[in-house]
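First comes the structure, then the notes that go with it.
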Amino acid sequence: MRLPFFLLFLFAFTASIFGQKLKTKPEKAMNDPKAGKILQEVKGKIASLKSFKIDFNYTFSHGDSKTKESFAGSYSVKGKMFKLLTKNQEIYNNGTTIWTYMAANKRIANFKE
C-alpha cells in the first residue's frame, strides 16, 4: 500500500516541486511515456530503501484565477508503515489500517486495507 500511495503523492506534487506548470489535464499526464519512465525509476529507488522522509511545500492556483493556495507537510515511510502530515490533516498507516485525522472537525476515520 505504501508504494502506490507514494507514487500517487509523488505524481500529484511533481509539477510544483520542479517549478513547472502542468499544461495538460492530469489524466493525460498519467499516460505520458516520459512520466511513466520517471515514475518507474523512482519506484525502483524507493523499493530499495528501508525508510525515507520527504518534507514538501505545495502551491497551486485555481484555473485562470490569480488565487493561489499553499500548504506544507511531510511524508515518512518505514517498512509497510507511512505517515503524511500537513497543517489540517494527518494520515497514519501501520501496514493494515489507515487512520485519518482532520484537524478542522477534530475527527478520526480509520480504514482496514
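Just a few scattered comments:
- Square roots of five times the Cα gyration tensor eigenvalues for segment 54-103, Å: 27, 12, 9
- Computed E for THR67/ASN105 - FRET, C-beta separation, R0 25 angstrom, nearest 0.05: 0.55
Read the figures in this text as sums done on the coordinates, not as results from a lab. Just so we're clear, the structure is a prediction, and the values are computed from it rather than from any experiment. When we count neighbours, we look across all protein chains shown, and the Cβ atoms used for this are built from the backbone with ideal geometry, even at glycine.
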